[in-house]
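Quick notes on the structure that follows.
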Amino acid sequence: MQVTETLNEGLKREIQVVVPAKDLEARLMERLEDAKGKVRINGFRPGKVPMQHMRKMYGKAVMAEVVNDILSNSTGSIISERGEKAAMQPEVTMTEDEKEAEKVLAGEADFSFQIAYEVIPPIEIQAVDTIKVTREVYDVEDAEIEEQMLRIAESARSFTPKKGKAEDGDRVTLDYVGKIDGEPFEGGADDGANLVIGSKQFIPGFEEQLVGAKAGDEKTITVTFPAEYQAAHLAGKEATFDVKISEVSKPEALELNDELAKNLGLDSIDKLREIVKGQIESQYGALTRQKVKRQLLDALDGAYSFEAPSKLVEAEFQNIWNQVTNDLEKAGRGFEDEDTTEDEARAEYQRLAERRVRLGLVLAEIGEQAGVQITDEEMQRALIETVRHYPGQEKEIYDYYRSNPQALATLRAPLFEEKVVDHLLGQVEVTDKKVSKEELLADDEDETAEKPAKKAPAKKKAAPKKKAAAKDAEESAD
């Protein structure tokens, strides 16, 4: 095998590989010899088929296997022997001349192909003991815990059917069909829906028109979808809903007691309070870590300035851009609504893509040198957590990841990154700072935490339930 470098420009490499016809012939004969004792051909005893006949019968097919094996096995070894790491899967090209290809399969010509790839640049890891980060810590207040407890109690509140008119706070059970210009629209109907008047669960103006309704009533409600409604085809449009009330119920007393906890499967109200406190602390803790991580990444970004492989950058940019444009489309917004232009946005997200790729390579090198590993158990937990986001499709999603190494790698990458961040936080100077909730929740202007998009939105009814606004485009790219 003759290997010749034909391009070495920046991070780009091109390699010409030629496998002489005599080497192909040797590999072919070796395979045919191995197959001779296994094939059954009329007129010949097992193992006694002449090699000339074997070649006539199976030569081209076996030579095709030889060529495929060369392509599969030699590319990685050639790059490795050069002491290089490819940034992405190398591009392999061969002759498109059918006559030339036939000669190769017939053993009459050398087999040549080209490998084109970008290398990961050598990264000299720098000391991090001079990096200083501030960890903002918020101590959860009792009032916030009690507020969350009340919300839980509200969600578990019991209702008792009543006679008479519905009032604010009552729950109505209803069937409805939504129409625009007299025609029903997709997602605008439901049967047996429960709605607490005043909960603001449905679009503005809907619940207020149910006040005074009684069981058995039928009425038509007219509302206008908000201009910023997430479903763009409904945003700003007037709609009518034909409503039939089947039941009106009044709320029972709201009490924080052991009975509430037992209805939720817990031993006592104190146990519920303990769990709620832990959940709230975990949420704020995640925000604290995000801010610490951002400071760390900012410091690393300032310390490394090497050229990033262009194909990795382009792939990352496309991921970001697709997410941004999809979010804008779902929100019915444009770049002008974000006080920018498409060209300015592209330039900004291009810089973000370059930063992400560069930091990803730095973290990968640090993790490799530190011996960071992801265990099978950690991968299994990550897969199960991902599958949970797709109710009703669990087996399909699980099988997809288990049979798709590239998809599985998307789960491994964030686990590896977080472990490397933990490793670094053990080496840098971390100073704790007590802050208020408002200070902790304050958004930084530059949100660039590295978060892979893993979850597809679940399908929901379009109306009349109110949709949460789409994330801000820049936040969605984080």
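Results, tabulated for the structure shown:
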{"quantity": "Failed item in (1) touching a Leu at 6+ places or on another chain (Cβ under 7 Å); (2) not in a loop (DSSP other than H, G, I, E, B), with residue 374 passing the rest", "calculated": "(2)"}
{"quantity": "Matching residues in segment 422-438 - criterion: being open to solvent by 70 Å² or more (accessible area, probe 1.4 Å), in contact (Cβ under 8 Å) with a residue 60 or more places away in the chain and either touching a Pro at 6+ places or on another chain (Cβ under 8 Å) or under 24 Å from residue 143 (Cα atoms) (or both)", "calculated": "432, 433, 434"}
{"quantity": "Filter result (in contact with a helix residue (DSSP H, G or I) (Cβ under 9 Å, 6 or more places away or on another chain), of a type outside the set (A, V, I, L, M, F, W, C) and farther than 12 Å from residue 126 by Cβ) within segment 284-305", "calculated": "284, 288, 289, 291, 293, 301"}
{"quantity": "Unique match (being in a loop (DSSP other than H, G, I, E, B), at pLDDT below 95 and buried (at least 16 other Cβ atoms within 10 Å of the Cβ)) among 193, 231", "calculated": "231"}
{"quantity": "Hits in segment 146-190 - residues which are in contact with a helix residue (DSSP H, G or I) (Cβ under 7 Å, 6 or more places away or on another chain) and part of a loop (DSSP other than H, G, I, E, B)", "calculated": "156, 166"}
{"quantity": "Close pairs from segment 106-126: first without any contact (Cβ under 8 Å) to a residue 40 or more places away in the chain and more than 11 Å from residue 92 (Cα to Cα), partner small (Gly, Ala, Ser) and open to solvent by 40 Å² or more (accessible area, probe 1.4 Å), Cβ under 7 Å, at least 6 apart", "calculated": "none"}
{"quantity": "Residue within segment 245-253 that is surrounded by fewer than 18 Cβ atoms within 10 Å (Cβ to Cβ), modelled with pLDDT under 90 and outside any strand (DSSP E or B) present", "calculated": "yes"}
{"quantity": "Among the candidates 263, 257, residue that is under 30 Å from residue 149 (Cβ atoms), over 40 Å from the mean Cα position of the chain (by Cα) and among the polar types (S, T, N, Q)", "calculated": "257"}
{"quantity": "Residues (free of Cβ contacts under 8 Å to residues at least 40 places away in the same chain and either open to solvent by less than 80 Å² (accessible area, probe 1.4 Å) or more than 21 Å from residue 154 (Cβ to Cβ) (or both)) located in segment 197-214", "calculated": "197, 198, 199, 205, 207, 209"}
{"quantity": "Scan of segment 388-404 for residues that are assigned to a helix (DSSP H, G or I) and either free of Cβ contacts under 8 Å to residues at least 12 places away in the same chain or in contact with a Gly (Cβ under 7 Å, 6 or more places away or on another chain) (or both), ordered by number", "calculated": "394, 395, 396, 397, 399, 400"}
{"quantity": "Residue within segment 291-305 that is closer than 30 Å to residue 350 by Cα, open to solvent by 40 Å² or more (accessible area, probe 1.4 Å) and among the hydrophobic types (A, V, I, L, M, F, W, C) present", "calculated": "yes"}
{"quantity": "Pair list, Cβ under 9 Å, 6 or more apart: segment 139-165 residue within 26 Å of residue 287 (Cα to Cα) and among the β-branched types (Val, Ile, Thr), other residue open to solvent by 50 Å² or more (accessible area, probe 1.4 Å) and not in a loop (DSSP other than H, G, I, E, B)", "calculated": "140/277; 140/281; 140/437; 145/273; 145/277"}
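One line per residue, one yes/no per condition, for (1) within 20 Å of the chain's Cα centre (by Cα); (2) of a type in the set (Val, Ile, Thr); (3) open to solvent by 50 Å² or more (accessible area, probe 1.4 Å):
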position	(1), (2), (3)
345	no, no, no
356	yes, no, no
372	no, yes, no
381	yes, no, yes
385	yes, no, yes
399	yes, no, yes
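The values are calculated or read from the model by the stated rules, or taken from the named source; none is laboratory data. Not measured: the values here are computed from a predicted model. Note that each Cβ is placed from the backbone with ideal geometry, even for glycine, and that neighbours are counted across all protein chains shown. Note: areas computed on protein heavy atoms with side chains; ligands, DNA, RNA excluded. Shrake-Rupley method; radii C 1.70, N 1.55, O 1.52, S 1.80 Å.
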